[in-house]
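Read through the structure below, which is laid out as structure tokens, and then see the notes.
The values are calculated or read from the model by the stated rules, or taken from the named source; none is laboratory data. Model, not experiment: these values are computed from the prediction. We work out accessible area using only protein heavy atoms, side chains counted, and drop any ligands, DNA or RNA first. Shrake-Rupley method; radii C 1.70, N 1.55, O 1.52, S 1.80 Å.
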Amino acid sequence: MEATIAEIQIDRYPAYKDSGVEWLGQIPEHWGIKRIKHLFEEINERSDLGNEELLSVSQYTGVTRKIDKLEEGDLLTNASTLEGYKKVSVGDLVSNIMLAWNGSLGFSSFDGITSPAYSIYRVKTEDEKRYFHYLFRTELYKSEFKRNSSGVIESRLRLYTDSFFRIESILPLPEEQIAIANFLDRKTALIDQAIGIKEKQIELLKERRQILIHKAVTRGLDQNVKMKDSGVEWIGEVPEGWEVKKVKFLFTLKGGGTPSKERRDFWDGDIPWVSPKDMKFDFITTTEDFVTMKGLLNSSSNYIQPNTLLMVVRSGILQRTIPVAISSVGLTINQDMKAFTSLGLITTKYFFYFIKGNDTFLINDWVKEGATVESVEAELLKNGLITLPSMQEQEEIVGHIENLSDKIATAISLKEKEIEKLKEYKATLINSAVTGKIKV
């Protein structure tokens, strides 16, 4: 696939000229420049009932139907009514004025409605919409959108219509616009296909890692060992010398809390305060928020020693995973977390990998059915069953898992770098084609 992508004949136009616009630089001699106001008109048609298809726009997917991106349990909208939402027709340019600077705009393939905060534009000439789709999402134009946006901080920037219309657009001949769009449609499809293959390979590597972990913590490392029934349906047989014990006989559990936000003397201290948003890594060394000792003592939280397993019991379970990590430093946790301190029969790392390799099964055992907010139920968790080899075998299993995980992590990292290079190449190719750096 990469070889096919690379087989692109790079030609240049016979002559170039100064565009007269500093940030655009040189363009092919026969191309033109026009302000966007001469190419587009703003559309402000409103829905009477709000019962049309609800649309959204993002920098990654362009304009999509909101219903197609809903996760299980999510609401289509928090608005009480969609009456007065802006109408969108097929071919209209939809711009999220607050995020246009990062590429959150695109041409719609659907009729529907979208947020009143968005701007809707329609091509009023015979120019090719697909060309502008590629042009306006380049880094070159995103930078110009940002420069023309109003606001003090990045999260409040807005690209209003007057500012958008003042920006100059590169304008090839209509037949060249079509040729460029056709060229980019073909080439970006090939690149996206290559990226998709590598993303699938990464998913397979992750699945392989989970299978290896699951096998190690339920079957052990000795393929010739005699087995016995574990008494747990999803675990099946375990090595004869292993035990199966409840969590409450292996750990003490501590909960967490949040110091009052109104007390500044409770915050900005030197004690890391872990909440679900911090659970991005296997080992927690720092957090977004820190509390003082006074804040810790005046909340329902506990001080957690290093080498303690941390688990998200709320606010993370809807993704059908149980986020876990190990504390590398002394810290405290919020109310959506639990901390597990070993009573001496099990190592923290072994328990960590037991959860990592079996979380899809453990969710079924530990999450209360029918709960309004899906969360790990305390009693189900305490009575959850864990396979328990000897301490020596636990250490051997952890070493085996980490050795294999390192190799798989290296393979994943290589694939991710390849994906990043493909994305960079795609962006460069688009920019070069729509600005005339290459002739297609």
Vicinal HN-Hα couplings computed from phi for region 234-239 (Karplus, 6.51 cos²θ - 1.76 cosθ + 1.60; Hz; Gly/Pro x): 6, 7, x, 7, 10, x
Accessible area per residue in Å² at 1.4 Å probe, computed on region 134-253: 54 Å²
Residues with amide H under 5 Å from that of residue 40, placed H, sequence gap 5 or more: 124
Euclidean distance between Cα centres, region 298-366 to region 51-68, Å: 36 Å
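Leaving out ligands, DNA and RNA, and with a 1.4 Å probe, what % of the accessible surface on the chain is carbon or sulfur?
Values: 11260 of 23010 Å².
Result for the chain: 49 percent of the exposed heavy-atom area is carbon or sulfur.
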Rg [Å, one decimal], Dmax [Å, integer] - region 79-131, C-alpha atoms: 11.8, 39
Region 11-51 - convex hull of alpha carbons, volume per residue in Å³: 140 Å³
Amide H contacts of residue 304 (H built 1.01 Å from N, under 5 Å, at least 5 apart or other chain): 331, 332
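Beyond 19 Å, what percent of the Cα pairs of region 218-310 remain?
On the way: 2512 of 4278 pairs.
Here the tail beyond 19 Å accounts for 59 percent of pairs.
Return the calculated 222 nm mean residue ellipticity for the chain, to the nearest 500 deg cm²/dmol, obtained by summing -39500 (n - 2.57) across DSSP H runs with n ≥ 4 and dividing by the residue count. Spell out each step's value before the answer.
Values: 9 runs with 147 residues, N = 440.
After summing the helix terms and dividing by the residues of the chain, the value is -11000 deg cm²/dmol.
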Distant-in-sequence amide H partners of residue 335 (H built 1.01 Å from N, under 5 Å): 257, 258
Alpha-carbon centroids, region 259-277 and region 149-175: separation in whole Å: 40 Å
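Output the relative contact order of region 322-440, whole-number percent, from Cα pairs under 8 angstrom with separation of 6+ residues. Present the calculation step by step, with values, prior to reporting the outcome.
Details: 52 pairs, mean separation 23.2, N = 119.
Answer for region 322-440 is 20 percent.
With an 8 Å cut-off on Cα pairs and a minimum separation of 6 or more residues, tell me the relative contact order of region 105-214 in percent. Intermediate results must be reported in sequence, preceding the final value.
Details: 42 pairs, mean separation 24.9, N = 110.
With pairs under 8 Å counted, the relative contact order is 23 percent.
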Relative contact order %, the chain, counting alpha carbon pairs below 8 Å whose residues are six or more apart: 16 percent
Distribution of pairwise C-alpha distances over the chain, 20 Å bins, in %: 20, 39, 32, 9, 0
Above-threshold pairs, the threshold being 29 Å between Cα atoms, out of 215/338; 17/187; 66/356; 17/198; 37/146: 66/356; 17/198
